[in-house]
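**Student:** This is the structure, below, for whatever I ask next.
The values are calculated or read from the model by the stated rules, or taken from the named source; none is laboratory data. Note that the structure is a prediction, hence the values are computed from the model and not measured. Cβ sites come from the backbone with ideal geometry, for glycine too, and all protein chains shown count toward neighbours.
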Amino acid sequence: MLPPCVRVVGSFDELLTTRFENNINALCWPRSLQGNFTAVVAQLDWPKGITPLNEDKLANLPVGEAGRVAIQEMLADLQQLRAAGLEPSLDGIQGYLHAREEDYVRTDVCSFHADSATAEADTWLCTYHGDCSLGLPNDQAVVRPQHPAARAYLLEKFGGRDDENFAEWLNDHFHDLHYHPLPAAQPYPFGVGHLWRIATQYPGSPVLPCIHRAPDPGLGPPRLLLIS
Ligand SMILES: [Fe+2]
């Protein structure tokens, strides 16, 4: 069950051309892809961390028919996004290398956050394999500097007064792009295979940014992720 901030669309063109408005800040094109992405992952030998996938190498992987379909589906997404003027990439994610920090401090992709840009821009996402990203409705979240316990914790780390220098420090360290779920919050899953376009924070945006996070790197399977 998706929250009211998400609109489901029926095609790539609709995903590309639908405007964010009326509090809708995430668009999802649900798909059930036919390829065997596990077969692709099995042929890739990634180091720990994030590895950009080389398309030539991907196209020449020795996989069976179902794996070949998976590769073609990913390459087709890349082509479609490039044709729309975007710069997508495919990443293989075998855990993350950042150290796990305390929730009030962490500013990595596994902490709920908004992407930001200086001009109009969106983020595109698709998880082909592994755990999916999560979204958090804006009315179920509090931005970190307005979370009392987080603010107190960070003020102590800052080691100064709660003044404009502290506000600048919060901004410099990206804390004002990170959010904490309210107690009854229900994050929604982006799912596997679905293509998403989500709103970023930029001056003049007609909607609030879509709050989202990557899944925690655990013992789960490697992720195959498209991002733009
Ligand atoms: Fe992000």
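**Student:** Go through the stretch 108-119 and count every residue that is within 13 Å of the ligand (Cβ to nearest atom), part of a loop (DSSP other than H, G, I, E, B) and farther than 19 Å from A149 by Cβ.
**Tutor:** Of the residues in the stretch 108-119, 6 are within 13 Å of the ligand (Cβ to nearest atom), part of a loop (DSSP other than H, G, I, E, B) and farther than 19 Å from A149 by Cβ.
**Student:** Within the stretch 154-169, is even one residue in contact (Cβ under 8 Å) with a residue 60 or more places away in the chain and farther than 25 Å from S205 by Cβ?
**Tutor:** The answer is no; no qualifying residue exists.
**Student:** Consider F174 carefully, then state whether it is of a type in the set (F, W, Y), more than 16 Å from the ligand (Cβ to nearest atom) and surrounded by fewer than 19 Cβ atoms within 10 Å (Cβ to Cβ).
**Tutor:** The answer is no for F174.
**Student:** Considering only residues that are away from the ligand (no atom under 16 Å from the Cβ), hydrophobic (A, V, I, L, M, F, W, C) and within 24 Å of L78 (Cβ to Cβ), which ones fall in the stretch 180-228?
**Tutor:** Listed by number, the residues that qualify are V192, L224.
**Student:** Select, from Q43, Q94, the only residue that is more than 16 Å from the ligand (Cβ to nearest atom), touching a Phe, Trp or Tyr at 6+ places or on another chain (Cβ under 9 Å) and under 21 Å from G220 (Cβ atoms).
**Tutor:** Just a single option satisfies the conditions, and that option is Q94.
**Student:** Answer yes or no: is there a residue in the stretch 202-210 that is polar (S, T, N, Q) and surrounded by 13 or more Cβ atoms within 10 Å (Cβ to Cβ).
**Tutor:** Yes, the conditions are met somewhere in the stretch 202-210.
**Student:** What's the number of the condition D216 fails, among (1) surrounded by fewer than 20 Cβ atoms within 10 Å (Cβ to Cβ); (2) modelled with pLDDT of 95 or more; (3) charged (D, E, K, R)?
**Tutor:** Going through the list (1) surrounded by fewer than 20 Cβ atoms within 10 Å (Cβ to Cβ); (2) modelled with pLDDT of 95 or more; (3) charged (D, E, K, R), D216 breaks only (2).
**Student:** Hand me the list of helices (runs of 4 or more DSSP H) wholly inside the stretch 1-107 holding 3 or more residues that are surrounded by 14 or more Cβ atoms within 10 Å (Cβ to Cβ) and either in contact (Cβ under 8 Å) with a residue 40 or more places away in the chain or over 19 Å from the mean Cα position of the chain (by Cα) (or both).
**Tutor:** Per the criteria, 12-17, 37-42, 65-83.
**Student:** Of (1) within 15 Å of the ligand (Cβ to nearest atom); (2) out of contact with any Pro (no Cβ under 8 Å at 6 or more places or on another chain); (3) of a type in the set (A, V, I, L, M, F, W, C), W124 satisfies all except one. Which?
**Tutor:** The one condition W124 does not meet is (2).
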